[in-house]
Every structure is written in C-alpha cells, then in structure tokens.
1. Output the residues belonging to region A:245-266 that are more than 14 Å from every other protein chain (Cβ to nearest Cβ) and either of a type in the set (D, E, K, R) or buried (at least 22 other Cβ atoms within 10 Å of the Cβ) (or both).
2. Please state which of the following conditions residue B:123 fails to meet, knowing it meets all the rest: (1) facing another protein chain (nearest Cβ under 9 Å); (2) free of Cβ contacts under 8 Å to residues at least 40 places away in the same chain; (3) within 20 Å of the chain's Cα centre (by Cα).
3. Can you say whether residue B:116 is within 30 Å of residue B:5 (Cβ to Cβ), surrounded by fewer than 17 Cβ atoms within 10 Å (Cβ to Cβ) and in contact with a Gly (Cβ under 7 Å, 6 or more places away or on another chain), as far as the supplied structure shows?
4. Between residues in region B:53-75 that are closer than 20 Å to residue B:224 by Cβ and residues that are hydroxyl-bearing (Ser, Thr, Tyr), which pairs lie under 7 Å by C-beta distance while being six or more apart or on different chains?
5. Residues that are in contact (Cβ under 8 Å) with a residue 60 or more places away in the chain, more than 7 Å from every other protein chain (Cβ to nearest Cβ) and of a type in the set (A, V, I, L, M): does region A:233-242 have at least one?
6. Restricting to region A:172-222, count the residues that are outside any loop (DSSP other than H, G, I, E, B), of a type outside the set (A, V, I, L, M, F, W, C) and farther than 22 Å from residue B:261 by Cα.
Amino acid sequence: MSWLTNLVRPKIRGLVGEKKDMPDNLWEKCPGCSAMLFKRELEDNLNVCRACGHHLKLDPVKRLGSLFDGGAYRLVEVPKVPQDPLKFRDQKRYADRLKDAQNKSKRQDAIVVGEGSVGGVKTVIAVFDFGFMGGSMGMGVGEAIVTAARRAVASKSALVVLPASGGARMQEGALSLMQMPRTIIAANQVKTAGLPFIVVLTDPTTGGVTASFAMVGDIHIAERGAQIGFAGARVIESTIRETLPPGFQRAEYLRDHGMIDIVVTRHELPETLGRILRFLRKEKAPRRDQGPFLTGPVPHGAKAKG
Amino acid sequence: MQSLDFEKPVTDLEAKIEELRHLSDGGPMNIAGEIGKLQDKVKRQLQALYGKLTPAQKVQVARHADRPHCLDYIQGGLIEDFTPLAGDRAFAEDQAIIGGLGRFRGQPCVVIGQERGNDTESRIRHNFGMAKPEGYRKAQRLMHLADRFGLPIVTLVDTAGAFPGVEAEARGQAEAIARSVEVCLQVGVPLIVTIIGEGGSGGAIALAAGDRVLMLEHAIYSVISPEGCASILWRSASHAAEAAAALRLTAQDLLQLGIIDRIIPEPLGGAQRAPQDMIARVGDAIASALNDVSGLDKKALLAARHEKFLGMGKKGLA
C-alpha cells in the first residue's frame, strides 16, 4: 500500500459515519468554569468553552480538519512497529492495554499524520491523541514522527507537530527512551533540508516528549493555558517540597520564561500557522479582501490573554 | 562499605574474617589457613550471588554508594591531566555535571559525566548527580568545543535523572535536555558513552546519544525509575522490584534489544569491590570503541550515528 490513503473530508465523513449521540452524552462540564456545555455546540467551537474560553482536548482528526486549508488532507500511513516488544505486564498486560486503546480509537497508536496545505503552504502535520494511552510516545509514535519528517523532506513540505502527551510510554522501556534521539534526528532532517519545523504545544505536553523534538522547533507555538513541562507537578511537589507558583508550567509561563514564541487560542492557530509558514517559505501575503486561508469555524470565546 | 541486603551471607563471612584477623593480632595463633578457607567461601558466595542478580538487585548495585563515580574514574587513572571547565556561559556552573579537557591514553579529549558525590558534603555540592538546565548547557558547550577542535568525547553516565524543581523548569529543563541530545547527534567527532551506574531517563540520554554505548555489567538504564514506574502503573512504589523486572533495564536485556553495544564485565562482587580494576576495564573498552570508529570521516560518522538510533527497535525484538 502506498503512504497515500483515501482523501478524507472530515466534515462529510462526520455527516454519514458517526452515530447519534446518546442522551447522557449530550452535555459536558467545562473543566475551566464548570459550565454545562451542549456537546454539539462545543464540538462546533473546536472544544473551546464559550463561557470562559477554556481549551478542552480536541480529537486529532478534528484537529487536522481545522488546520488544513478547506479541511482537506490526505492521511499519511505509518509503518507498523513491533507491538509490546518487552512483553510488559503490570497489573494488566500492555498488549491488552494497547489493543483496548486501538479498538477504542480505531487507530494504531497515539498519533495521526496528514498532509495538505496550510495557508497555501505544503505541510505535513502530525497530531498526538492524548486519549490513546495519554498520548505516550513509544515506538509507534516515534515511527510516525520519523515518517512525517521523511514525507516532509520528500515533498518539500513544512513539518508541524502538535504534541499532547504525558511523556514516554514506559511499557516499552528504554525503547521508548530511544524515541527521544530518533525524533530529534527526524526534526533535524527537516531543518537540514531548509524546511520549517514548527511545534504547537497543546495540553498537556510533558516528560520525554517535551524534552525531545518538541523543544527543538524553529518556532514554538502553544495553545493558551496548555500545561507544558518536563517533570510532573506532583513529582516536583513531593520530592522538593516546594509550593508551585501560580500558572506554573502553563503556556504563558513558558512564554514568559523564553521557551515559547507565541501563545494562541485554538481559533487563531490556523491563521497564525499559515502566516508564519508563508513568511518562512517566502510566499506572498494573501490578498486582504480574500482574507487569509481561514476555513475553520468562526472564532468564539476569549482571546489569548496574559 | 555499604552492605546490600542480599549480600548478608557474604558480609557475615567478611565480619568473621575480620574477627579472626583481630584475634591473630594478639597471639601466635596460626589462622591463615582458616582465613583462606573463609575467603574462598566469600568468593564462591559472590560468584553465586552476582552471577544471577535479579533486576531489582542490579538496581541496588548500580546505585551502590561505594561504586566508583564519574570523578573516581577521571581522577583514578582513566583520564590524565584532567582540566575541569566550568559554566554554561548563560546562568551558572552546575557541579552535577563534570566536564573538561584531558588525555585518554595520551590522546586529548573532552570528558563529560554526572557526578553523584561520595559523602554528604560532596553529594550536596553535586546535587546527587541530578543536573539542572545549566548543567546540560555546559555539556552542550563542551561538546561544541570538542567538535571545533576535533577532539573525541567520552561521557560517563550516572544519574537518577534530571533535577525536578521549580527553577529547573523555569529555566527550561526540557529544552536543555532536548538540545543536549541534539548536540550529541550533531558533533562530528567520536562520542563514546559509558553507563557506569544508573542511566536515569532523559537526564541520562542527554549525554548518551553516541557512536558506541557501553554499559557496566550491573549498571541499569531505564526510561523511568522502577519506583516511579511502580507508583504509576501499580499505584504503589512497593512494587518497584516487579517494575524493575518488567522495564528490562539491565545491561543484558539492553544488549539484546540493541540499545547498547557492549557490556563491560565487572570485577567479582561488583565495581564497588575493586574500583581500580573497574576503571582499567572501562579504559580498555573505551579504547576499543574509539578504535572502532576512528576510521570514519565526519560525514560517515554522523550518518552511522543517526542510522544507529533510527534503526533501534528494528532488530533484536522477538
């Protein structure tokens, strides 16, 4: 099979493919302000709370649809990797945990890769799925980033990665630790080819994911309020017995400490990415009367603040 | 010497030998034969114990307080004329990472490693071998220095992990580690890594993305500490022994998985019982690894290093 699979138009697929919501699934409580949000409305607003602007987690396929021009992209197929290489078992077998996650998500691992254009610039985008074992990075996720980078170099595209991850997948032991150098090599292949490598840090990005490809981008963008860090807040509190300052490890905190270029709202992201990619690829600005290549939903909720 | 719980039969025998020696000091008793017998017994016990250490026991040995640490190697004959260099040129000097210029068997080189300290005072000075961003940035600086002057790099890895603190986060611990791995992967000079004790996660890989990764027989190298893994997956750190086994963190496992290149055998009863012997063995292994890659030019060296890591997980797996 080629790396190209079927052309996906998420909006159309959404109309025909998805089951109707069950009644108990109609509402969701905002973790930010506790408002009860009508789920369909929340989804129409890219999972941003209309009341307080809190950014809830977003399905990776919806994310790809929101970023690519016109919501159109091709999925990039990722080579299969050995499943459960260590035969790891805690209270439950990792092989079973992995199968459960695969069945639930209908995807192979905690990442989805697509290619298309953003702001008219050819781009490969890899999006983590936090719902799949906490977006943890093992061989499957590492291989997806290596594949995305190769694809970007081959097609002279920019590479954008949106991590959302608790860190390395410990059930793959040191093999998951090795994804740190592997993904950094991948990022450098894109950079060496003179192509942009942009990281969009989303909630949460921690551990070995932050400490690898996610911190070596040409540009670092973060979604407002996203938790971003190396050590977990609980680890720091318990080992050091320090009280954590307000806003610690949030996107705005990292920006103020020099680690992030720009903090954006989810609705600002497609336009911001497109604009930056056009600068770096020396493309002309879009005509003002045409507007940017914005095709996503109309922005709602508060602007980035702080 | 710090005694480990599983070594009790050995420490009991050693105490007995001490006692006999004490007795013989006072009189003309000839007990050399008796002592010799007991020493043989100690040897047999050590062979039996260390020949089949469990992963959890290896964790204890790898962290043994009397095991030679980074500075013990550097000052104990591995490196001549060691000239420590300090500072990241941005914020501070971090003594958790030792680095500098020296000669390895006559050849000028850059040596970098984590130092855990040997007593309370030095442990505090070295922050127990847990580096902050400035430590990793110093390491990057020294690797660039080596690259600029064509000097091979020798790293000695021994850390529980990067320091988890508010200030470390504020100064970009994640970025410092990521960049350190990146610099390892970019320097066009031979980079030989030796995991001498504990290779703890991101804090270890920051100095370990090299051309050859050597590991001491009873060292460990893991994505997370067994205690941390147990507290997450078993919801209790008391399951650390099971986690240690599941993580496959021993040198023997990692060689099989293709993550390390070579195991350096330890003296009988572990490196802590014969530090000088261990230092000599590490020296021989590093010399041989340097020799392996000495014929490669910069381009070939980097290509091979990248292929080595990109290919990981593709061989040696069932």
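The values are calculated or read from the model by the stated rules, or taken from the named source; none is laboratory data. All values reported here derive from a predicted model rather than from experimental measurement. Note: ideal-geometry Cβ built from the backbone for every residue, glycine included; neighbour counts use all protein chains shown.
1. Result: A:263, A:266.
2. (1)
3. no
4. Going by the 7 Å Cβ cut-off, the qualifying pairs are B:55/B:250; B:58/B:250.
5. We begin by selecting, within region A:233-242, every residue in contact (Cβ under 8 Å) with a residue 60 or more places away in the chain; these are none.
No, region A:233-242 has no match at all.
6. Kept after step one, since they are outside any loop (DSSP other than H, G, I, E, B), are these residues of region A:172-222: A:172-177, A:179-192, A:197-201, A:205, A:207-210, A:213-215, A:219-222.
Then keep just the ones that are of a type outside the set (A, V, I, L, M, F, W, C); that gives A:172-173, A:176, A:179, A:181-183, A:188-189, A:191-192, A:205, A:207-208, A:210, A:220.
Adding the requirement that they be farther than 22 Å from residue B:261 by Cα leaves A:188-189, A:191-192, A:205, A:207-208, A:210, A:220.
Residues in region A:172-222 being outside any loop (DSSP other than H, G, I, E, B), of a type outside the set (A, V, I, L, M, F, W, C) and farther than 22 Å from residue B:261 by Cα: 9 in total.
Condition check ((1) in contact with a strand residue (DSSP E or B) (Cβ under 8 Å, 6 or more places away or on another chain); (2) of a type in the set (Phe, Trp, Tyr); (3) surrounded by 12 or more Cβ atoms within 10 Å (Cβ to Cβ)) across all residues:
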{"position": "B:24", "(1), (2), (3)": "no, no, yes"}
{"position": "B:33", "(1), (2), (3)": "no, no, no"}
{"position": "B:58", "(1), (2), (3)": "yes, no, yes"}
{"position": "B:63", "(1), (2), (3)": "yes, no, yes"}
{"position": "B:74", "(1), (2), (3)": "yes, no, yes"}
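Conditions tested, residue by residue: (1) within 30 Å of residue B:162 (Cβ to Cβ); (2) not small (Gly, Ala, Ser); (3) not in a helix (DSSP H, G or I).
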{"site": "A:239", "(1), (2), (3)": "yes, yes, no"}
{"site": "A:248", "(1), (2), (3)": "yes, yes, yes"}
{"site": "A:253", "(1), (2), (3)": "yes, yes, no"}
{"site": "A:258", "(1), (2), (3)": "yes, no, yes"}
{"site": "A:263", "(1), (2), (3)": "yes, yes, yes"}
{"site": "A:270", "(1), (2), (3)": "no, yes, no"}
{"site": "A:275", "(1), (2), (3)": "no, yes, no"}
